Amino acid sequence: MKRSTCKICHFSVKTCVCAHISEVIDNKTHIVVLQHPTEVSTAKNTVRLLNLQLENIHVFVGEKPEHFQEAQSIAKRNHCALLYPGERSQDVEKINSEQTLIDYLFVLDGTWKKAHKLAMLNPWLDELPQISFSKIPENQYTIRKAEQKYSLSTLEACAYFLKVYESMDPQPLYKLLQGMISEQTKFMPPHVRERYFDNDN
């Protein structure tokens, strides 16, 4: 039997996050998400939350260049950067937004392995300047285990970038994330909840 889905937030009706949505954020830097297909149906994927909270966001699903033709068109026409910890990446904390213009930030959504695969399968991304973080904020996404100690969910990565680059208040995004965590865990048996909240991550 198919689960009932909220028509607004697209989460299950039982874990609807609509009550946790704040006023939509008018982010000046457009967020362009290249999402691995396996993430689309993941109940805990945070791109859904970004779609609810950010005014300017574009999500493209696929793996290969032919899946991202519209995204490639965006990259050719605008000042863009890729959020990726490569050897030539520049720390966002050292960027002056008045001197370095980023109209569109490209973000790879998937596990670290799948995000790396997306980068390798799409050489056109190599033409974009790379942005990374020198100070990783604490991971607040307690219900999805990070593959690396420095791993952040897509929402957290975008929130931190916008906070640093645009001086944007990220609290509405974090509030929505915590709301989703609350909704996702309220039906968990106590012994399952303990795995996420009573142990060190």
Practice problem: Look at Asn45 and say whether it is within 26 Å of Val17 (Cα to Cα), in contact with an Asp or Glu (Cβ under 7 Å, 6 or more places away or on another chain), at pLDDT below 95 and not acidic (Asp, Glu). | Solution: yes
Quiz item: When you go through Glu138, Glu156 one by one, which is the residue that is of a type outside the set (Lys, Arg), outside any loop (DSSP other than H, G, I, E, B) and at pLDDT below 95?
Solution: Glu156
Quiz item: Restricting the search to segment 59-88, which residues are β-branched (Val, Ile, Thr) and either in a helix (DSSP H, G or I) or farther than 17 Å from Gln35 by Cα (or both)?
Solution: Ile74
Exercise. May I ask you to verify whether Ile143 is at pLDDT 65 or above and β-branched (Val, Ile, Thr)?
Key: no
Quiz prompt | Single residue of segment 180-191 satisfying the filter (assigned to a helix (DSSP H, G or I) and aliphatic (A, V, I, L, M)) that is modelled with the lowest pLDDT | solution = Ile181
Quiz item: Under the condition of being free of Cβ contacts under 8 Å to residues at least 24 places away in the same chain and over 25 Å from Leu162 (Cβ atoms), which residue from segment 56-77 is farthest from the chain's Cα centre (by Cα)?
Solution: Glu66
Quiz item: In segment 159-179, how many residues are assigned to a loop (DSSP other than H, G, I, E, B) and either small (Gly, Ala, Ser) or at pLDDT below 70 (or both)?
Solution: 1
Quiz item: Just checking, how many residues over segment 13-46 are without any contact (Cβ under 8 Å) to a residue 40 or more places away in the chain and polar (S, T, N, Q)?
Solution: 2
Practice problem: For segment 89-107, state whether one or more residues are assigned to a helix (DSSP H, G or I), in contact with a Gly (Cβ under 9 Å, 6 or more places away or on another chain) and either surrounded by 19 or more Cβ atoms within 10 Å (Cβ to Cβ) or modelled with pLDDT under 80 (or both). | Solution: no
Self-check item: Boolean, Thr42 is among the hydroxyl-bearing types (Ser, Thr, Tyr) and assigned to a loop (DSSP other than H, G, I, E, B)
Solution: yes
Practice problem: Would you confirm whether any residue within segment 117-132 is more than 25 Å from Glu70 (Cβ to Cβ) and among the hydrophobic types (A, V, I, L, M, F, W, C)? | Solution: no
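The values are calculated or read from the model by the stated rules, or taken from the named source; none is laboratory data. What you see is a predicted model; the values in this text were computed from it and never measured. Glycine also receives a Cβ, built like all others from the backbone with ideal geometry; neighbour counts cover every protein chain displayed.
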